[in-house]
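S.K.: This is the structure I have questions about; it appears just below.
Derivation of every value follows stated rules applied to the coordinates shown; laboratory data play no part. Everything numeric here is computed off the predicted structure, so don't read it as measured data. Cβ atoms come from the backbone with ideal geometry, glycine included; neighbour counts cover every protein chain shown.
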Amino acid sequence: MRPWSMIVGLLAAGLLTGQAVALENCMICHGKKDHHKIEASGKRVSLYVDETTIEKSVHASRKCTDCHVDITEIPHQPAQKVNCRRCHYSGNPVGAPQGELYDQYEHSVHGLEVARGNPKAPVCQDCHGGHDVISHLIPESGFYRENIPRTCGTCHIDTYATYRESVHGMALDSGNVDAPVCTSCHGEHNIERPELPESKVSPIHVTETCSECHGPKGVVAKYGIKTDRTATFEESFHGVAQLMENMMVANCASCHGYHDIRAEDDPKSSIYPANIPKTCGKPDCHPEANANFASGKIHVDPTSEESGLLYYISRGFLVLTVSVLAGLFIYIIMDLVRRARAARGKR
Amino acid sequence: MEDNKKLAQQQRDNLISELSDNILKTAKTIVRPEDGDRKVGEIAAEIRQRLSFEANVLLNEAVTRLSPARLYKEITDAPQRTFQRFGKNFRFQHALMFISVIILIITGMPLKFPTLGISKFIVVDVFGGLENSTLIHRIGAVGLIFVGVWHLGYITISRFGRRDFLLMIPRPGDIKDFFHTLMFFVGRRSSGPKFGRFSFIEKFDYWAVYWGMVIMIGSGIIMWFKEWFPKYLYDIGREAHSDEGLLATLAIVIWHFYNVHFNPDVFPMSWVWWHGNLTEDEMKHHHPLEYAEIIEAESKRIIEQQEKLEQAGSDEK
């Protein structure tokens, strides 16, 4: 098709029917690789749209104007930002996926920043893509599990670098899809500032979040990693204090770090034996901590025989308590029975 | 109780013989030798008249005073001699200890059972957070440690403390008493064992507290000053503290409370911790051997004094 015939067709469509312009019409201009605009700053911005990208996306059947609703005629004014909620709202007629996710996003740290007018804050398209929105089950997707850290890392680059070197990042790199990615801990649309109590990584919730994998039902069991970590934490004074709503007390992240969590045998790890005194000895925690203070297992379970002396003390007290109390009870009951019998005999 | 009934009987006998003596005396005043010349009929009439008056008095006495229930009540209500069981020093130790222990239990148990709703209520709502409740726990601990040190001083420095401590030491007789009690419970013996100053029950109570203090104070100090100790020692201290805390609490609530509150002998409470005294009845009933010792010592002293007085009297002559 030659350009002039396109223009004629386009004008005819616009003038005669008044209907929205079709995809192919947009591509007259936006299909050209050198189509661009010059911003006031003098920056050259490409306006080229690769048609195949759209065809692969979940929005392949949509027309340009389904999203760019402000474009009603050609030539058009600079397009406004696309609002995804135009379709993605509860009860929408076109069957676009919807749910709480959009509300969650609006209340998330990202959504709130956007609302405040922060130009760097991400909107839907920043993570999901604009023309290239595809299912998170396709490996090319930015939301394919293994790609999530990279997607988040486009903005959070330092964090991404730290995470990649952590035990979690390295596991993911080595192809372990069970390894946690950003969203495993922070959530997806409901990402909150860690200071907020509703955040999955707030001091109140971080134990729960870690125990999704490291707790009794955790996925880590299949890699031979202990799943009693949360139970032993909860029984420790730290865990008890946390239950009593003391937020000063150490949670998982206080000792293990968060983005930089490393294996116990990694000398850079905060729980590498030589580093433990320093980890315990944070100014807000146990400033007097020394190597002696930190010697001994941290996640210790008195009911497990591995705990040695502690296990025998715990067992010893159990036996002592049960036998002493049973003896006292029996004695009291015998005494009462004797008294009852004596009282009956008298009358 | 048995003793009082016997005593009532005894008093009744005494009263009767007293009254018959009175009658005899009356009769003697009526029939005097100087009245010999009076007519027999006159004398007889007077005797009858006066004796019938005596008899009326006697009857009244018998009806009002000789009723066994009244006599029994009189004896039971009569002010009894008291024996001091616990001196001021010991009562102070006991009071400070139970105040401390109650504080320690209230602030300690929630941490042993943190997932219970009431635990969070106590720590967060009542005390306003863990920092406050642990501070109060430590105040209680200071009280308990103070009692522990005070008691060690008491059993070494004080004469009474030393005597009581020596009497507290378990001896073979306690095991015999224990089995004797069991035999009594199952009906193989007609009466329980007779105890001296401290029964095996009281000795058990005392040594349970002794052992508890050593464990609780020792492990508590390790946890309090955890930075001085290795982590594994802290773990052991915490385990022992928590387990012994539970054992001690249950022992107090079940055993000690049974013996000093809920036992039918003392219900609702034995007040000896407050005034320190036992009545003569209580002494005879609960500590017959000690009672016998005291009475024996007293009578010995009285006899000695009398002998001394007699000696002095004969010397003067």
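S.K.: Springs between alpha-carbon atoms under 10 Å, Gaussian network over chain A: tell me which of A:Ala121, A:Ala250, A:Ala40 tops the mean-square fluctuations.
M.R.: A:Ala40
S.K.: Can I ask one more? Hey, can you grab everything whose amide H is under 5 Å from the amide H of A:His36? Only 5+ residues off in sequence or another chain; H modelled, so Pro and N-termini drop out.
M.R.: Here the answer is A:Leu47, since their amide H atoms fall under 5 Å of that of A:His36.
S.K.: Mind ranking A:181-189, A:50-58 by how tightly packed they are, going by the mean number of other C-beta atoms within 10 angstrom, highest first?
M.R.: Descending packing order for the listed peptides: A:181-189, A:50-58.
S.K.: Taking θ = phi - 60°, what integer Hz values does the Karplus form 6.51 cos²θ - 1.76 cosθ + 1.60 yield along the stretch B:200-210, in sequence order, with x for Gly and Pro?
M.R.: Ordered by residue, 3J(HN,Hα) equals 5, 5, 5, 5, 4, 4, 5, 6, 5, 5, 4 Hz.
S.K.: Rounded to the nearest whole Å³, what is the per residue volume of the convex hull around the Cα atoms of the stretch A:183-330?
M.R.: Hull volume normalised by residue count: 167 Å³.
S.K.: Once all Cα-Cα distances of the stretch B:57-118 are split into 10 Å bins that start at 0, what whole-number percent is in each one?
M.R.: Going from the shortest bin to the longest, the percentages are 16, 18, 15, 15, 15, 12, 6, 2.
S.K.: On a straight-distance basis, which lysines could pair with A:Lys63 in a cross-link, Cα separation under 29 angstrom, same-chain partners fewer than 8 positions away excluded?
M.R.: A:Lys63 reaches A:Lys32, A:Lys33, A:Lys37, A:Lys43, A:Lys81, A:Lys120.
S.K.: Mind checking the log10 I(q)/I(0) for the stretch B:118-191 at q = 0.17, 0.20 Å⁻¹? Debye, one equal scatterer per Cα, no solvent, two decimals.
M.R.: Ignoring solvent entirely, the Cα scatterers give -0.76, -0.84.
S.K.: Report Rg (one decimal) and Dmax (nearest whole number) for the stretch B:210-285, counting Cα atoms only, units Å.
M.R.: Rg, Dmax (Cα atoms, Å): 18.3, 56.
S.K.: Next up: Enter the per residue convex hull volume of the protein assembly as shown, computed from alpha-carbon coordinates, in Å³ rounded to the nearest integer. Display every interim value, and only then the final one.
M.R.: Numbers: hull volume 208.6 nm³, N = 664.
Hull volume normalised by residue count: 314 Å³.
S.K.: Quick one: which of A:326-332, A:208-214 comes out on top by average Cβ neighbours within 10 Å, and what's the full order, highest first?
M.R.: By packing density, highest mean first, the sequence is A:208-214, A:326-332.
S.K.: Here is a further query. Remind me, what semi-axes does the stretch B:90-216 give for its equivalent ellipsoid, largest first in whole Å, using sqrt of 5 times each Cα gyration tensor eigenvalue? Let's see the in-between values first.
M.R.: Details: eigenvalues 264, 93, 19 Å².
Values for the stretch B:90-216, descending: 36, 22, 10 Å.
S.K.: Give me the inter-chain shielding for B:234-246: mean count of other chain Cβ atoms within 10 Å, whole number please. Could the numbers behind the result be given before it?
M.R.: Numbers: counts 4, 10, 9, 1, 6, 10, 5, 0, 4, 9, 4, 0, 3.
Mean shielding count: 5.
S.K.: Give me a single rounded figure for A:241-248: the average over its residues of other chain Cβ atoms within 10 Å of their Cβ.
M.R.: That average works out to 6.
S.K.: Summarise the partner chain shielding of A:291-297 as one whole number: the mean count of Cβ atoms from other chains within 10 Å of each residue's Cβ.
M.R.: Mean number of neighbouring Cβ atoms from other chains: 5.
S.K.: Given the C-alpha centroids of the stretch B:151-177 and the stretch A:92-157, what is the distance between them in whole angstrom?
M.R.: 78 Å
S.K.: Just check the stretch B:153-281 against the gyration tensor rule for me: Cα atoms, a ≥ b ≥ c as the square roots of the eigenvalues, rounded for a/c under 1.5, and otherwise prolate or oblate depending on whether a/b exceeds b/c.
M.R.: It comes out prolate by the Cα gyration axes.
S.K.: So what are the ³J(HN,Hα) numbers for the stretch B:122-134, from phi and the Karplus equation (6.51, -1.76, 1.60; θ = phi - 60°), rounded to whole Hz, Gly and Pro as x?
M.R.: Using θ = phi - 60°, the values come out as 5, 6, 7, 7, 7, 8, x, x, 5, 4, 5, 5, 6 Hz.
S.K.: What number in nm² do you get for chain B if you take the convex hull of its Cα atoms and divide its surface by four?
M.R.: Convex hull of Cα atoms, orientation-averaged projection: 30.4 nm².
S.K.: A further question on this structure: Using only DSSP helix segments of four residues or longer, with each worth -39500 (n - 2.57), what per-residue ellipticity at 222 nm results for the protein assembly as shown after dividing by its residue count and rounding to 500? Mind dumping the intermediate values first?
M.R.: On the way: 30 runs with 377 residues, N = 664.
That comes out to -18000 deg cm²/dmol.
S.K.: What whole number of Å gives the distance from the Cα centroid of the stretch B:120-144 to the Cα centroid of the stretch A:173-197?
M.R.: About 37 Å separates the Cα centre of the stretch A:173-197 from the one of the stretch B:120-144.
S.K.: Given 37 °C and 0.692 mPa s, how large is the Stokes-Einstein diffusion coefficient of chain A in µm²/s, with Rh as the Kirkwood radius over Cα pairs?
M.R.: 126 µm²/s
S.K.: How large is ³J(HN,Hα) for each residue in the stretch B:156-164, as worked out from phi by the Karplus curve 6.51 cos²θ - 1.76 cosθ + 1.60 (θ = phi - 60°), to whole Hz, x for Gly and Pro?
M.R.: 9, 8, 6, 5, 5, x, 4, 4, 5
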